[in-house]
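Report on the structure given below.
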Amino acid sequence: MINEKQFAKYHTSLWKAILPLSNNAVKNINCIYSKTFTPIVISEYAPERRSLINHCAFNISKCAQKNKISIKDLKKNISTYTKAIDLTQNQLKLFVKRDRTSIETPSNIELEEIFSLSENIEKMLIIKHRNDTKIFNPKFKGCGILDDCYGDILIKNVLYEIKSTISSTQKCPNKNLRAIDLRQLLIYCALNYKSKQYTIKQVAYYNPKIGQYFLMDVQDLCLLVSGKNDIELFEEIINYVSDYDKSK
């Protein structure tokens, strides 16, 4: 069994075959959807700390929503946000086998960036979905070689992917959406098509670090990256993960 990130990153022959237009789609999306929200000031820290900082920000946002308080108020409650950080460290321990410096407790400077990211997520949710019920980490039933997996945020019929990545070259700071991000969204939608757990009509991508945001109908995204409708594309993904073991 593999998770959705592994499936999106590898199995490149499949993705090239069923998403022949994805590279052009990414270029077009990055061009059209630039900085919709205000970017944050990025602090200097070791690259291996990025995962901890980004995941802490998401878990703190989740914690604030669960407790129905603002990030500003959460910052005053040390014991509450510390639990969110502890949770993040425990989650990342599964992926860090030796050197644990990448998941050590955040410094004060790192903590400021974590809260800045959380506040940007909060602003987006308020502007786009102030009164809507928000489901953090919606679970999608696995299929074939794909294990159960969790999306980021589901709001009404919109599935969000939150990615706090930045361009490694810094030459194109607005162009941070990647083909692999679209693959992840399509994987969740395909699994949901199979299980019919939720109603997902639109997908959205938000980068709280640089303020990049885009929203698109699922049908339009499928046509954009593959030239096929959503049912055709999802059937191809589901058939592949269902039959993969049989072909080995």
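Within the bounds of segment 181-192, is there any residue that is surrounded by fewer than 21 Cβ atoms within 10 Å (Cβ to Cβ), closer than 23 Å to residue 146 by Cβ and either in contact (Cβ under 8 Å) with a residue 60 or more places away in the chain or not hydroxyl-bearing (Ser, Thr, Tyr) (or both)? Even if it seems obvious, please write down each step before you answer.
Taking segment 181-192 as the starting set, the residues that turn out to be surrounded by fewer than 21 Cβ atoms within 10 Å (Cβ to Cβ) are 181.
Those left that are additionally closer than 23 Å to residue 146 by Cβ: 181.
Pick out the ones that are also either in contact (Cβ under 8 Å) with a residue 60 or more places away in the chain or not hydroxyl-bearing (Ser, Thr, Tyr) (or both) and you get 181.
Within segment 181-192, one or more residues are surrounded by fewer than 21 Cβ atoms within 10 Å (Cβ to Cβ), closer than 23 Å to residue 146 by Cβ and either in contact (Cβ under 8 Å) with a residue 60 or more places away in the chain or not hydroxyl-bearing (Ser, Thr, Tyr) (or both).
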Residues to consider are 39, 47; find the one that is over 26 Å from residue 147 (Cα atoms) and either touching a Phe, Trp or Tyr at 6+ places or on another chain (Cβ under 7 Å) or touching a residue at least 24 places away in the same chain (Cβ under 8 Å) (or both). 39
Within segment 134-169, considering residues that are at pLDDT 95 or above and β-branched (Val, Ile, Thr), the one most open to solvent (accessible area, probe 1.4 Å): 135
Only one of (1) in contact with a strand residue (DSSP E or B) (Cβ under 7 Å, 6 or more places away or on another chain); (2) farther than 30 Å from residue 105 by Cβ; (3) in a loop (DSSP other than H, G, I, E, B) fails for residue 37. Which number is that? (2)
Complete set of residues in segment 96-152 that are farther than 19 Å from residue 49 by Cβ, β-branched (Val, Ile, Thr) and not in a helix (DSSP H, G or I): 133, 135, 145
Within segment 114-123, can one find any residue that is open to solvent by 80 Å² or more (accessible area, probe 1.4 Å) and modelled with pLDDT of 95 or more? yes
With respect to the numbered conditions (1) open to solvent by 50 Å² or more (accessible area, probe 1.4 Å); (2) touching a residue at least 12 places away in the same chain (Cβ under 8 Å); (3) over 25 Å from residue 212 (Cα atoms), which one is the sole condition not fulfilled by residue 21? (3)
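Tell me, yes or no, whether segment 42-60 has at least one residue that is more than 20 Å from the chain's Cα centre (by Cα) and either polar (S, T, N, Q) or open to solvent by 50 Å² or more (accessible area, probe 1.4 Å) (or both). Spell out how you get there, then give the answer.
Start the filter on segment 42-60 by keeping residues that are more than 20 Å from the chain's Cα centre (by Cα), which leaves 43-46.
Still in the running and either polar (S, T, N, Q) or open to solvent by 50 Å² or more (accessible area, probe 1.4 Å) (or both): 43-44.
The answer is yes, given that some residue of segment 42-60 is more than 20 Å from the chain's Cα centre (by Cα) and either polar (S, T, N, Q) or open to solvent by 50 Å² or more (accessible area, probe 1.4 Å) (or both).
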Read through the list (1) open to solvent by 100 Å² or more (accessible area, probe 1.4 Å); (2) of a type outside the set (Phe, Trp, Tyr); (3) free of Cβ contacts under 8 Å to residues at least 40 places away in the same chain, then give the number of the only condition that residue 86 fails. (1)
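Here is a yes/no grid of residues against (1) in contact (Cβ under 8 Å) with a residue 40 or more places away in the chain; (2) open to solvent by 60 Å² or more (accessible area, probe 1.4 Å); (3) in contact with an Asp or Glu (Cβ under 9 Å, 6 or more places away or on another chain):
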| site | (1), (2), (3) |
| --- | --- |
| 206 | yes, no, yes |
| 210 | yes, no, no |
| 213 | yes, no, no |
| 223 | no, yes, yes |
| 227 | yes, no, no |
| 231 | no, yes, no |
| 234 | yes, no, no |
| 239 | no, yes, no |
| 242 | yes, no, no |
Can you tell me which condition residue 214 does not meet? The list is (1) at pLDDT below 95; (2) touching a helix residue (DSSP H, G or I) at 6+ places or on another chain (Cβ under 8 Å); (3) in a loop (DSSP other than H, G, I, E, B); (4) not hydroxyl-bearing (Ser, Thr, Tyr), and all the others hold. (3)
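The values are calculated or read from the model by the stated rules, or taken from the named source; none is laboratory data. Note that the structure is predicted; figures quoted are calculated from it, not measured. All Cβ positions, glycine included, derive from the backbone under ideal geometry; neighbour counts span all protein chains shown. Areas reflect the complete protein model, heavy atoms only, side chains present, ligands, DNA and RNA absent. Shrake-Rupley method; radii C 1.70, N 1.55, O 1.52, S 1.80 Å.
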